Amino acid sequence: MDWTDEQNKRLTDLGAGPDILASHFEDSAERNRAFQKIEAGLAHETGDKIRRHLAEVRRPELVVLREKLAAALVAAGFTEVETPLTVSRLHLERMGLTEDHSLNRQIFWLDRNKAMRPMLAPNLYYLMVDLLRLAPHPVSIFEIGPCMRKETQGAQHAAEFTMLNLVEMGLPLPARRERMEELARLVLKASGLPVDECRLTTEKSGVYGETLDVESPEGLELASAAMGPHPLDAPWGIDAPWVGLGFGLERLVMARAALDGLTLNPARAGRSLAYLGGFRLNV
Ligand code: ATP
Ligand code: MG
């Protein structure tokens, strides 16, 4: 006999290892006694970890990662931008997100013409129109910030998550593929992930046609990347060759934790009222 679903969830939440989660029991009385004992032990340890977080660590891993990524990208010649958290219907439509598109059902609308941004790309496209006119090419910019999508929340998705989107426009056409891979490696390295164990795979995407996905050693999607010229460029008036990569920061934190045998989910790695420093507060 195994843990009940509820017990399993609670033990996972408290950071129980795979050996505890795989326990078997003769009957439910034995199991429930074991649960009480293990839960109390884990709750005690979690309390210690939260106190240690308050005394020593003091900052969310995601925020520290954000700063590391920004520093690495600025050192590589990129300029950081901050754009509005909202996006207009017109700009979403320009991204190909018209009524019948599947991602369109995931948008949090504020009113008829304004939504919480589900991605950073439209705002970056918008800035690029002027920057390509004003500055020598290539123009390299990035933004790191919250995005929102209606998701069936679970092991890999949260409604609020943090995206890093970097774009380089006006680079030589033949250099794109290699540049895309070079930038993917730069982000993986700055995130403390083993670059050679992460996979780059090709996939079809609704918005971008053919895209390149970056996967963690466990096969978790960390990023999707695309190249232009691209059919979506014309509505923005852009005709320069480009590469763009969008990473989920919670996923980068999860992949990093997995190296230490820790299973996180985006809710635990990101903005939260339930966890501090990745540790459950209601113990
Ligand atoms: P998935 O296929 O995993 O649902 P996606 O392909 O829809 O992701 P993209 O549009 O490619 O997502 O977004 C770029 C990156 O943002 C993803 O590779 C992922 O790391 C991250 N991401 C996207 N949606 C979420 C979410 N709901 N929660 C956490 N991270 C997300
Ligand atoms: Mg993707």
In terms of the charge dipole of segment 55-175, which places +1 on Lys and Arg and -1 on Asp and Glu at the beta carbon, the residue among Met148, Leu69, Phe108 farthest towards the positive end is Phe108
Output for segment 1-90: GluC sites (Glu not before Pro) sitting in coil per DSSP, at most 15 other Cβ within 10 Å, listed by number, reads Glu26, Glu82
Quick note on Trp242, Trp3, Trp236, ordering by fewest other C-beta atoms within 10 Å, gives Trp236, Trp3, Trp242
Here the membrane-span-like helices of the chain, with no claim about any membrane, defined by DSSP H, Cα axial extent at least 15 Å and mean Kyte-Doolittle at least -0.5, are 61-75, 121-134, 249-259
Once the dipole of segment 187-283 is set up from charges on Cβ (+1 Lys and Arg, -1 Asp and Glu), the residue from the list Asn265, Gly278, Gly192 lying farthest towards its positive end is Gly278
Dividing the alpha-carbon radius of gyration of segment 141-252 by 2.2 N^0.38 Å, where N counts its residues, gives 1.07
Mean Cβ-within-10 Å packing, highest first, puts peptides 99-105, 254-260 in the order 254-260, 99-105
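Looking at segment 194-283, which GluC sites (Glu not before Pro) are in a loop (DSSP not H, G, I, E or B) and have at most 13 other Cβ atoms within 10 Å?
Values: sites: Glu197, Glu203, Glu210, Glu215, Glu218, Glu221, Glu250; in loops: Glu218.
Here the GluC sites (Glu not before Pro) that fit, given the DSSP loop and packing criteria, are Glu218.
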Along principal axes, largest first, the alpha-carbon spread of segment 67-215 in whole Å comes out as 41, 40, 30
For segment 1-77, the dipole about the Cα centre with charges only on Cβ (Lys and Arg +1, Asp and Glu -1), to the nearest 20 debye, works out at 600 debye
Dimensionless Rg/Rh of the chain, both radii on Cα and Rh by Kirkwood, sits at 1.03
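Every number here is computed from the coordinates shown, using simple stated rules; none is lab data. Keep in mind the model is a prediction, meaning the values are calculated, not measured. Cβ: placed from backbone, ideal geometry, glycine included. Neighbour counts: every protein chain shown.
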